[in-house]
Ligand code: PEP
Ligand code: MG
């Protein structure tokens, strides 16, 4: 049944000009003839029964689009006596699309009459009708409704009337027109924009393949005829499963159009199957699938035609797959020895892991988009709209899923964010407060949705078109694409199965740059641990102060009139900080934990509304006016450039001293394996480090005496200001490590507020001012140069200095490549991005070492 294709064995005349016959040895290249042509050659090399095929390369097709000519009679002659032929697109990558295939070229009145005789009038009509319809619509650009379901004579008449010429009868002229139309379609604006959106370069070429038709429509008395597609794994799960359809007396992919007459492939209680009705064909398809898997080293979907009992393989494409299926397929191929483990690792795009780590919108689901924002944290969530942090907390107490909608978030909102299923903000960019916290929590988040208008007082949200949504109405957020959708939408669950773990274990065995997590609370640290972060690269201590009791103590500290009062409030904070650190050290064991001393401006801890101020006045037993005055006195014109970071530590040293004591006492209690790392934020001068270091040393000495435990700590400096990068040699002298806070460093290098950039960022990227949002993808030219300078000068001043990146860029594959090339030791990113970073790091190492020489098949 599985007869080899004759191209493999038969000697042919020379190729027609501009076309290359696909044989096992022909010079067919994916980058010149397209993926389909290359794949057909691979199938032919496997000895599969592929009908004779000629390939037209990109240059020829480009020329046809410009009005060039080709000898189509020679092409037809090369495919046998009086053949019917098909033309299919062959772009560089299947995903880039291409014009629809056209079948049965060569059908004309004479052929119709002959086939009516040989195969019966129904079969001949079906073949001719299909061709007239495709030619009329795709080549002559006529309205498809004129042809639908009409008899052949009427179709021909309709064509003649609309096109003002008779339907062409000369096969060479038909082919000439088809080739030119398909070539021009590729050049059209819509096609170009569509393929560019799918990642194709602007100058991507199109090849075409011209194949001798195997009809699939035949005389029932002469045996089985029909067509179908088959694949051997599930596109959804990647598990072995035969999927596809077969339709008797059909061509092309007709079997896939819902059709009551289609046969199941395997035995099925719901109806007849190919396995029962044509077992030999079914077995041959099985053999074909196995051959593709082991020899093409890929799970392929095979398109086939059966004619009068003989099986022909028309095409094969890589099975379409969900991210989850992609993982399972790669692991299965490597486990079965078909591909090396390192190639399995390379076959998974790091960002694809985000799809399995989070819930996703079911791609099959119907959706109604209300508005669009910036995708800031991946995954999808459905919930009722709430407009305040308090409402989110109340809803979570009732176990209700909510989407917290805010103009932008502040530290005050953190508890509400913890309670919400998703976050939507009107303002902000990808490193705004909302985005950073949401990524840390693994919550879907859309920011900078400037199309929506929030009326906080009325508790409504207005979307483009004027529709007003009230608190309590249900929306769905897609944090992976930035879409805000109406109502409830079906979601797919995350899939952290054994294939996910296996790929990441293989990745870890190969990567050579460390991956830590940014985690602020014990619960974040547990997630980081679950994703096998090698340590905590950034614990932002301010996030520990936002639960009610702690916030009150913090506010009392800020309002303290003198050093004694301040010391008293810090005394209250000390045990809670110590308990948090102790828990974090206990979770991470011997793995390093970097704790950053307090960073944000103090006013972020103060209430912003009247009710909050009243509560504070009551708890501090102060007049409201005094509270307001104090809050006013803390107000700064540019808080992000003001009294924050190490400046706080120098102006109010007691805060850092309390934090240092909490860290050291927790480390002593945790046992000898724990060496805490303490990091100073927003440094810009050497003296800042000197001052803080001497105080930390003094606290460490006191704790050593008090506890009797002889511990060590490592000091780190955050490089977040351009000056710190430029002076890294002297700043790094006192430090064990420098950690580049690329969020602030980007903000300060561009002079671009990370909280306000969302307003114009999309316009900037659209206009090509910035290639990408620099808060998302590291600006390797500008900020990158500061990283390189900082790394080089830092190591000049201190050769054993450890270097890392802990800004949001730490989880971005391109930024990891930059950090690795610049000699950084590790990156640190949100826990949910840790798997992405581990895989991206492994890709870099594998590619560099060239451990695998075989690239994945082009299609
Ligand atoms: C940074 O600035 O890159 C950083 C990690 O600190 P934060 O985001 O807390 O300002
Ligand atoms: Mg910072």
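Every read-out reported here was derived from the displayed coordinates using simple, explicitly stated rules and does not represent laboratory data. None of these values were measured; they are calculated from a predicted model. Positions of Cβ are backbone-derived with ideal geometry, glycine not excepted, and every protein chain shown enters the neighbour counts.
Given a Förster radius of 45 Å and the C-beta distance between residue 763 and residue 505 as r, what FRET efficiency does 1/(1 + (r/R0)^6) yield to the nearest 0.05? It would help to have the intermediate numbers written out before the result.
Details: r = 43 Å, r/R0 = 0.96.
So, using R0 = 45 Å, E works out to roughly 0.55.
Against the longest alpha carbon principal axis of the chain, how many degrees, from 0 to 90 and to the nearest 10, is the axis of helix 563-588 turned?
Around 40 degrees separate the two axes.
Would any residue of the range 93-111 have its amide N under 19 Å from a label point 7 Å out along Cα→Cβ of residue 203? List them or say none.
Those under the cut-off are 93.
Would you kindly calculate the translational diffusion coefficient of the range 432-582, applying Stokes-Einstein with the Kirkwood radius from alpha carbon pairs, for 20 °C and a viscosity of 1.002 mPa s, and quote it in µm² s⁻¹ without decimals? Could the numbers behind the result be given before it?
Working: Rh = 19.7 Å.
Translational diffusion coefficient: 109 µm²/s.
Taking a cut-off of 18 Å, what percent of all Cα-Cα pairs in the range 462-549 are separated by more than that?
The share of Cα pairs beyond 18 Å in the range 462-549 comes to 68 percent.
Normalised by the residues of the chain, what does the relative contact order come to in percent, with Cα pairs under 8 Å and at least six apart?
Details: 1842 pairs, mean separation 86.1, N = 859.
It comes to 10 percent, rounded to a whole number.
Over the range 223-323, with a single point scatterer placed on each C-alpha, what log10 of the ratio I(q)/I(0) does the Debye formula yield at q = 0.18 1/Å?
Taking Cα atoms of the range 223-323 as identical point scatterers yields -0.80.
Can you give the Kirkwood hydrodynamic radius for the range 262-310, in Å, rounded to one decimal and based on Cα pairs? Provide the component values of the computation, followed by the final result.
Numbers: mean 1/r = 0.0849 Å⁻¹.
Over the range 262-310, the inverse of the mean reciprocal pair distance is 11.8 Å.
Using only Cα positions of the range 8-91, each an equal point scatterer, no hydration layer, compute I(q)/I(0) via Debye at q = 0.13, 0.18, 0.25 Å⁻¹ and quote the log10 values to two decimals.
For the range 8-91 at q = 0.13, 0.18, 0.25 Å⁻¹, log10 I(q)/I(0) is -0.39, -0.77, -1.44.
Length gain on complete extension for the stretch residue 66 to residue 796, per 0.36 nm per residue less the alpha carbon to alpha carbon distance? Show your work: numbers first, answer last.
Numbers: separation 730, 0.36 × 730 = 262.80 nm, distance 5.91 nm.
Here the segment from residue 66 to residue 796 would lengthen by 256.9 nm.
Going by alpha carbons, how many degrees (0 to 90, nearest 10) lie between the helix axis of 323-335 and the longest principal axis of the chain?
Rounded to the nearest ten degrees, it is 80.
How much space per residue, in cubic angstrom, does the convex hull of the C-alpha atoms of the range 524-564 take up?
Values: hull volume 3.6 nm³, N = 41.
In the range 524-564, the Cα convex hull volume per residue is 89 Å³.
Quick one: divide the alpha-carbon radius of gyration of the chain by 2.2 N^0.38 Å and tell me what you get. Please report the intermediate quantities before stating the final value.
Numbers: Rg = 33.0 Å, N = 859, 2.2 N^0.38 = 28.7 Å.
My calculation over the Cα atoms of the chain gives 1.15.
Just the C-alpha atoms of the range 147-240: what Rg/Rh do they give, with Rh taken as the Kirkwood radius? Intermediate results must be reported in sequence, preceding the final value.
Details: Rg = 19.6 Å, Rh = 18.2 Å.
On the Cα set of the range 147-240, Rg over Rh gives 1.08.
Calculate the FRET efficiency for residue 781 and residue 498 from the Cβ-Cβ distance with a Förster distance of 51 Å, rounded to the nearest 0.05.
Numbers: r = 42 Å, r/R0 = 0.82.
With a Förster radius of 51 Å, E is 0.75.
For the range 162-182 and the range 671-727, what is the separation of their C-alpha centers, rounded to whole Å?
The two parts, judged by their Cα centres, are 79 Å apart.
What is the ratio of the Cα radius of gyration of the range 702-859 to 2.2 N^0.38 Å, with N the residue count, to two decimals?
Details: Rg = 18.4 Å, N = 158, 2.2 N^0.38 = 15.1 Å.
Normalised by 2.2 N^0.38 Å, the Cα Rg of the range 702-859 equals 1.22.
Above 14 Å lies some portion of the pair distances; for the range 605-662, what is it as a whole percent of all C-alpha pairs? Kindly include the intermediate steps, with their values, before the conclusion.
Details: 1065 of 1653 pairs.
Roughly 64 percent, rounded to a whole number.
For the range 438-488, build the convex hull from the C-alpha positions and give me its volume per residue in Å³. Mind showing how you got there, number by number?
On the way: hull volume 5.2 nm³, N = 51.
Considering the Cα atoms of the range 438-488, their hull volume per residue is 101 Å³.
Scale the Cα Rg of the range 576-687 by the rule-of-thumb value 2.2 N^0.38 Å and send over the ratio, two decimals. Please list the in-between numbers first.
Working: Rg = 17.4 Å, N = 112, 2.2 N^0.38 = 13.2 Å.
Taking the Cα Rg and dividing by 2.2 N^0.38 Å, one obtains 1.31.
Rounding to the nearest 10 and keeping the result within 0 to 90°, find how far the Cα-based axis of helix 152-163 lies from the longest principal axis of the chain.
Long axis of 152-163 versus the principal axis of the chain: about 70 degrees.
Using Cα-only point scatterers and the Debye equation, what is log10 of I(q)/I(0) for the range 737-794 at each q in 0.17, 0.23, 0.28 Å⁻¹, rounded to two decimals?
-0.56, -0.91, -1.21
May I ask you to compute the full-extension gain from residue 611 to residue 636, defined as 0.36 nm times their residue separation minus their alpha-carbon distance, rounded to one decimal in nm? Don't skip to the end; give the middle numbers.
Working: separation 25, 0.36 × 25 = 9.00 nm, distance 2.20 nm.
Length gained between residue 611 and residue 636: 6.8 nm.
Based on DSSP, what percent of beta bridges with both residues in the chain are antiparallel, to the nearest 5? The partial results should precede the final answer.
On the way: 60 of 97 bridges.
In the chain, DSSP labels about 60 percent of beta bridges as antiparallel.
Pop the C-beta distance of residue 467 and residue 401 into the FRET formula with R0 = 22 Å and round what comes out to the nearest 0.05.
0.55
Within the range 72-98, which residues have the backbone N less than 17 Å from the label spot 7 Å out from residue 17 along Cα→beta-carbon, could you tell me?
The answer is 72-78, whose backbone nitrogens lie closer than 17 Å to the label point.
Output the relative contact order of the range 351-478, whole-number percent, from Cα pairs under 8 angstrom with separation of 6+ residues. Mind showing how you got there, number by number?
Values: 293 pairs, mean separation 37.4, N = 128.
The value is 29 percent.
Where does the range 27-138 land on the Kirkwood hydrodynamic radius, alpha-carbon pairs, in angstrom?
Working: mean 1/r = 0.0635 Å⁻¹.
Roughly 15.8 Å, rounded to one decimal.
What whole-number distance in Å separates the alpha-carbon centres of the range 548-603 and the range 263-297?
66 Å
Counting other C-beta atoms within 10 Å, which of 170, 17 has the fewest, and how do the rest follow? Write down the numbers at each step before the final one.
Numbers: 170 13, 17 10.
Result, fewest neighbours first: 17, 170.
How long is the gain from residue 117 to residue 336 if the chain were fully straight, where each residue apart is worth 0.36 nm and the alpha carbon distance is subtracted?
Details: separation 219, 0.36 × 219 = 78.84 nm, distance 5.12 nm.
Between residue 117 and residue 336, full extension yields 73.7 nm more.
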